[in-house]
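Contents: one structure, followed by commentary.
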Amino acid sequence: MENKNTIKIYLYTRYERFWHWLQAFMIISLIVTGLEIHGTYKLFGFQTAANIHNFVGLSWLILFAFFVFWLFTTGEWKQYIPTTKKLFSVILYYSWGIFQGKPHPVQKAKGAKHNPLQRLAYLGISAMLLPVQMATGLLYYLYNDIPQVLPLSVLAVIHTLVALFLLNFLVIHLYMTTTGHSLFSHIAGMITGWEEIYETTEIADWETQATKKE
């Protein structure tokens, strides 16, 4: 009989939790003010929304640099090394197995916080979408003060398109937080740092090989 007993391990540091919630607040703030700037609705007023958007955007850019520094000085970047091992098993689980009550093919564990699908998603967002969003936003902000790299209309389209991708990720991410051992177990983990895992959870060799390399 499969052991369904769970234990709690300290998985997320204070800095990780702080950055997670701060970045969530900044992204939501940027989406809300960005939509108002586009004329979707009126909440703060155009000028106030633009001021908030610019301030939060520049703050995000600076704080993201600190996050990248933290990743490489702590070695946490190794948690994001992509792999195809069990990738399709995880995709199949989320598209079908989870609705059948089947166990997750790759459980969380100390030293392996992210499953293969999460690694690809977080790496793609952190290494591609966020830098593009920040770069286009900065170029947009400094458009009248620096040599023109791209037409303003092109910058606006790219910036808006990436924002929609991030909004899509945010919705999916919110749904995924409900797929833990209980409805709010993942959210609780990101608040307290302690995550529930099965007593029998073991980290596979393919998960640890990348994190052991210097």
Inset, instruction - At 1.4 Å probe size, with no ligands or nucleic acids counted, give the accessible surface of GLU16 in Å², nearest ten. - result: 30 Å²
Inset, instruction - Could you estimate the translational diffusion coefficient of the chain from the Stokes-Einstein equation, with Rh from the Kirkwood formula over C-alpha pairs, at 4 °C and 1.567 mPa s, in whole µm²/s? - result: 67 µm²/s
Legend entry - Euclidean distance between Cα centres, segment 137-189 to segment 70-134, Å: 18 Å
Inset, instruction - Quickly work out the PHE18-to-SER59 label distance, labels modelled 7 Å from Cα along the C-beta direction, and quote it in nm with one decimal. - result: 1.5 nm
Inset, instruction - Can you figure out the FRET efficiency of PHE88 with PHE25, using R₀ = 35 Å and their beta-carbon distance, to the nearest 0.05? - result: 0.55
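The values are calculated or read from the model by the stated rules, or taken from the named source; none is laboratory data. It should be emphasised that the depicted structure is a prediction, and the values quoted were computed from it without experimental measurement. Positions of Cβ are generated from backbone atoms using ideal geometry, with glycine treated the same way; all protein chains shown enter the neighbour counts. All accessible areas refer to the heavy atoms of the entire protein, side chains included, with ligands and DNA or RNA removed. Shrake-Rupley method; radii C 1.70, N 1.55, O 1.52, S 1.80 Å.
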